[in-house]
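Asks: Provided herewith is a single structure, encoded as structure tokens, for subsequent inquiry.
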Amino acid sequence: MSLVTLKEVLTDARAKKYAVGNFDVFNLEMLRGVMEAAEESRSPVILAYAESFEPFADIRHYAKLLRSYGEAASVPVVLHSDHSVTLEEIKRVLDCGFTSVMIDASDKSFEENAELTGKVVDLARPYGASVESEIGHVSGLDTLFEDDHNVFTDPQQAERFARETGIDALAVSIGNVHGVYRKEPDIQFELLEELNRTVPVPLVLHGASGISDEDTRKMVRGGITKVNYYTDLCLAAAECMKRQEGRHYLEISEEIVRAVKEAALSKMELLK
């Protein structure tokens, strides 16, 4: 199966009312675990790279590894940049062969967000790549944004934003938070229902790690077509490492692959 765009996989997901898992991966163990899970579950998968991973995985080299795994897969694979904040970073990943990009200017005003997103759409189209953006603001990324408080997505603004920018997918804020939840998530299901009726493009959920399986299934039924995971994979790998004292590093690496695979596989099955 060749690499595909975000638009391709989410169009099918929206029509058939399931969601595709987006997994942020920054090393070989995480990449292998996610891809083995995708192959076993026969699920399309989104491999995501964030600019913050650069110190651990130089995109010039890591992109070649991601593409190699994607091109060899028997399931659809999207190569996606997660939370890029500048045109320079977007162009860099597009030049590396990514099939999808996310521009996140959700901490800006509506006008600034729409202007930058529109520029990204214009930049991505000649590459044949999809574009995701965000309106409303999902908190938990204070290393990226000066103002990182949670702001729910307004349905009318979201509809206008999607229409004016030409994006392919829209990340929304409905009570979700990036990272580890400090209290029980309070998902606004009525807001999601209205967004699903109003917004003409597939809806994306960031910060899914820590949300219950029941609420996740309900959100997928309510219109979420892409669900982002990162923290759950990191926690699975970290817990695995705690149990490996005294073992050879090669054995530890294999155990981490298995731990990440199990965590990713559970999410893929959940989203079907």
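Asks: Within the stretch 116-132, is there a residue that is more than 17 Å from residue 207 (Cα to Cα), modelled with pLDDT under 95 and not polar (S, T, N, Q)?
Replies: The answer is no; no qualifying residue exists.
Asks: Against the definition (surrounded by fewer than 23 Cβ atoms within 10 Å (Cβ to Cβ) and at pLDDT 95 or above), how does residue 150 come out, yes or no?
Replies: no
Asks: Filter the stretch 8-26 down to residues that are open to solvent by 40 Å² or more (accessible area, probe 1.4 Å), over 16 Å from residue 79 (Cβ atoms) and either among the acidic types (Asp, Glu) or part of a loop (DSSP other than H, G, I, E, B) (or both), then give me how many there are.
Replies: 3
Asks: Related question: Under the condition of being open to solvent by less than 10 Å² (accessible area, probe 1.4 Å) and not aliphatic (A, V, I, L, M), which residue from the stretch 99-115 is farthest from residue 52 (Cα to Cα)?
Replies: Among them, the one singled out is 113.
Asks: Read through the list (1) open to solvent by less than 50 Å² (accessible area, probe 1.4 Å); (2) in a loop (DSSP other than H, G, I, E, B), then give the number of the only condition that residue 245 fails.
Replies: Answer for residue 245: the failing condition is (1).
Asks: A follow-up question, please. Looking only at the stretch 248-264, which residues are touching a residue at least 60 places away in the same chain (Cβ under 8 Å), among the β-branched types (Val, Ile, Thr) and either farther than 20 Å from residue 43 by Cα or surrounded by fewer than 17 Cβ atoms within 10 Å (Cβ to Cβ) (or both)?
Replies: 256
Asks: Kindly indicate whether any position in the stretch 27-37 is crowded, with 23+ Cβ neighbours inside 10 Å and within 18 Å of residue 131 (Cα to Cα).
Replies: no
Asks: Just checking, does the stretch 55-62 include any residue being open to solvent by less than 10 Å² (accessible area, probe 1.4 Å), part of a loop (DSSP other than H, G, I, E, B) and of a type outside the set (Asp, Glu)?
Replies: Checked the stretch 55-62: at least one residue is open to solvent by less than 10 Å² (accessible area, probe 1.4 Å), part of a loop (DSSP other than H, G, I, E, B) and of a type outside the set (Asp, Glu).
Asks: A follow-up question, please. State whether the residues of the stretch 257-271 include one that is of a type outside the set (Asp, Glu) and in a strand (DSSP E or B).
Replies: So far as the stretch 257-271 goes, no, none of its residues is of a type outside the set (Asp, Glu) and in a strand (DSSP E or B).
Asks: Next up: Open to solvent by less than 60 Å² (accessible area, probe 1.4 Å) and more than 20 Å from the chain's Cα centre (by Cα) - does that describe any residue in the stretch 218-232? Lay out the reasoning, then the answer.
Replies: Step one: list which residues in the stretch 218-232 are open to solvent by less than 60 Å² (accessible area, probe 1.4 Å), which gives 219-220, 222-229, 231-232.
Applying the additional criterion that residues be more than 20 Å from the chain's Cα centre (by Cα) yields none.
Looking through the stretch 218-232, none of the residues is open to solvent by less than 60 Å² (accessible area, probe 1.4 Å) and more than 20 Å from the chain's Cα centre (by Cα).
Asks: Residue pairs, Cβ under 9 Å, 6 or more apart or interchain, first in the stretch 15-30 and closer than 11 Å to residue 237 by Cβ, second acidic (Asp, Glu). List them.
Replies: Partner pairs satisfying both residue conditions: 29/254; 30/24.
The values are calculated or read from the model by the stated rules, or taken from the named source; none is laboratory data. Since this is a predicted model, take the numbers as computed values, not measurements. Reconstructed Cβ throughout: ideal geometry from the backbone, glycine too, with neighbour counts over all protein chains shown. These area figures cover heavy atoms from the full protein model, side chains too; ligands, DNA and RNA do not enter into them. Shrake-Rupley method; radii C 1.70, N 1.55, O 1.52, S 1.80 Å.
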